[in-house]
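As structure tokens, the structure follows; a few thoughts come after it.
The values are calculated or read from the model by the stated rules, or taken from the named source; none is laboratory data. Computed from a predicted model, the values in this text were never measured in an experiment. For neighbour counting, all protein chains shown are included, and Cβ atoms are generated from backbone atoms with ideal geometry for every residue, glycine included.
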Amino acid sequence: MRQKSIVDIKEMVKTVAEVHSIEIHFIFALIEAESNWDQWAVKYEPGYRWAVKNPDLNGFKCSKDTIDGMQSFSYGLCQIMGSHFYEFGYKGFCTQLLEPNLNIEIACKLLKWLKEKWGDNPASLYAAYNAGSVIMVDGQYQNQENVDRFMDIYNDNSFCSNLQNSVRFFNQGVEDGSYIDSNQ
């Protein structure tokens, strides 16, 4: 699978978000906050403990410990937990979440469900997305630091218009799918 350009990803977001009635700007900010637009981002979430039992691997063989462990990682642009892949009825290995269109699709399905449960306040919706639910402790979200970072991105009016110009995004002129590294 080749690295997708920012233009391709933006078009995917627009198409999928519209189908699920999710604000496009919200998804752009979520991707920025969760993966910094890195479709290959994978992160182990050591506190995550909600694995789907006996998921359908579509004929592939794998140990229970491996499958349970894979569900404790977040994958791709929207950092979707492996277990969500199975919860939404997908089959095979949850590493398929590294495919941007599928990743965005599941993120939008999850956000739609969370929106029905927690409402459409952007801070609460992101808190639920990031932590699994809205948990308040002393008047703050349990994951307040993450929510603050997301809200800074979400509230930045120049954020969406500057996406194409940012050097941290993918170089659309490179044929081999490589990208610009802003640390160079």
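The criterion of at least 3 residues that are over 24 Å from ASP152 (Cβ atoms) and of a type outside the set (D, E, K, R) is met, among helices (runs of 4 or more DSSP H) falling completely within the stretch 1-105, by 6-19, 64-70, 82-87.
Applying the set (1) at positive phi; (2) surrounded by 18 or more Cβ atoms within 10 Å (Cβ to Cβ); (3) at pLDDT below 95; (4) not aromatic (Phe, Trp, Tyr) to ASN58 leaves exactly one unmet item: (2). Of all the numbered requirements in (1) crowded, with 18+ Cβ neighbours inside 10 Å; (2) within 19 Å of the chain's Cα centre (by Cα), PHE88 misses one, and that requirement is (1).
Among the residues of the stretch 115-144, those that are of a type in the set (A, V, I, L, M) and either within 19 Å of the chain's Cα centre (by Cα) or part of a helix (DSSP H, G or I) (or both) comprise ALA123, LEU125, ALA127, ALA128, ALA131, VAL134.
Here LYS115 clears all of (1) over 21 Å from MET151 (Cβ atoms); (2) crowded, with 17+ Cβ neighbours inside 10 Å; (3) of a type in the set (Lys, Arg) except the condition numbered (1). With respect to (1) modelled with pLDDT under 90; (2) in contact with a Phe, Trp or Tyr (Cβ under 7 Å, 6 or more places away or on another chain), the lone exception for VAL134 is condition (1). Evaluation of GLN164 against the conditions (1) of a type outside the set (Lys, Arg); (2) surrounded by fewer than 16 Cβ atoms within 10 Å (Cβ to Cβ); (3) part of a helix (DSSP H, G or I); (4) modelled with pLDDT of 85 or more shows that the sole unmet condition is (4).
Considering only the stretch 84-112, how many residues are of a type in the set (Asp, Glu) and either touching a His at 6+ places or on another chain (Cβ under 8 Å) or touching a residue at least 40 places away in the same chain (Cβ under 8 Å) (or both)? Going through the stretch 84-112 one residue at a time, the tally reaches 2. Checking ASP156, ASP152 one by one, the residue that is modelled with pLDDT of 95 or more and loosely packed, with under 15 Cβ neighbours inside 10 Å is ASP152 and no other.
Would you point out the residue of the stretch 50-83, among those that are out of contact with any strand residue (DSSP E or B) (no Cβ under 9 Å at 6 or more places or on another chain) and free of Cβ contacts under 8 Å to residues at least 12 places away in the same chain, that is nearest to ALA127 (Cα to Cα)?
Start the filter on the stretch 50-83 by keeping residues that are out of contact with any strand residue (DSSP E or B) (no Cβ under 9 Å at 6 or more places or on another chain), which leaves 51-68, 70, 77-78, 83.
Cutting the leftovers down to free of Cβ contacts under 8 Å to residues at least 12 places away in the same chain gives us 53-54, 59, 61, 63-66.
Numbers: LYS53: 26, ASN54: 29, GLY59: 36, LYS61: 35, SER63: 33, LYS64: 30, ASP65: 29, THR66: 28 Å.
For the stretch 50-83, the residue satisfying everything is LYS53.
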